[in-house]
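Everything below concerns the one structure shown next.
Rule-based calculations on the coordinates, nothing more; no lab input. Since the structure is predicted, the reported quantities are computational estimates derived from the model, not experimental observations. Note that we place each Cβ from the backbone using ideal geometry, even for glycine, and neighbour counts take in every protein chain shown.
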């Protein structure tokens, strides 16, 4: 009887465990919430690697109730198209450069002011501090959700086929490609360059055919787009820092239970901080890799270029555009620019 009873208990326990496992499998197979996250970077970029890890952690910690599907490399459309999808709710999450988000939230572009940040510690002090809080409040005023930690796209550098950028005069008459953004165009015009707005998918051919002689981007993009094949010099100007705000659709966010919101927020912010370290390390590696591809590197002293911009009225113009409040927050973090 004892053996039989013990067998029965063990069998019952096994059946209960199997049943529990079956319930767990059904829960994991059918999440209550399946949200889309879109971005414009390659799957191999640190942003997508960290996002994938965060999505896995969120899925596990919510016991399969929340699933984040990732759509990298602009699969769901251009930045402008995806921003519109985010606002309509067709996409629930989207990471976007503050310099492009500026078209919808003007204050978001203030972190990209030319030569404002000398290094990464200055960036994170400002963006994790009062400047970041100010920008997030402006984003939220547009009825979007935004995570606390901005993700890194790196400092932007200038490449040319003609000569390195060492002094402010080296910008004079330089035919340089810039994104479609008034902030870029304004800065390079004030440095005496001839900026031309060209879509990124046309940049390589524009450099190859000498429509422009120069361009500017973070090292990761310079390498992945193989711009070293049509550019000789890479000047480490660090003229703008660029980062990605992790944005959410407010209606979709409010539909999540508070406990799931807490889990999502925790893992997305943690992933953002880790992505920052990854990107900084990647930039160091890429300088060596691009050197092996015969690019010639030089470090550029920012002080004289900042002085030239100040003399040209660049900072005064953008102080007026961003407004006294935003500009005072920026200068409280980076020092006086005007």
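If each residue's Cβ is checked for other Cβ atoms within 10 Å, how do 66, 94 rank with the fewest at the top?
Result, fewest neighbours first: 66, 94.
Evaluated at q = 0.08, 0.14 Å⁻¹, the base-10 log of the normalised Debye intensity for region 31-334, with identical point scatterers placed on the Cα atoms, takes the values -0.35, -1.07. Bridges between two residues of the chain, per DSSP, are antiparallel at a rate of about 55%.
Of the residues 268, 100, the one with the fewest other Cβ atoms within 10 Å heads the list, and the complete ranking is 100, 268. Remark: 147, 47 ranked as 147, 47, counting other beta-carbon atoms within 10 Å and listing the fewest first.
Calculated FRET efficiency, residue 75 to residue 226, Cβ-Cβ distance, R0 = 25 Å: about 0.70 to the nearest 0.05. In the chain, the DSSP-assigned H stretches of four residues or longer account for a calculated mean residue ellipticity at 222 nm of -15500 deg cm²/dmol, using -39500 (n - 2.57) per stretch and the full residue count as denominator. The relative contact order of the chain, computed from alpha carbon pairs under 8 Å that lie at least 6 residues apart in sequence, is 23 percent.
For residue 122 and residue 185, the difference between the fully extended length at 0.36 nm per residue and the C-alpha to C-alpha distance is 20.2 nm.
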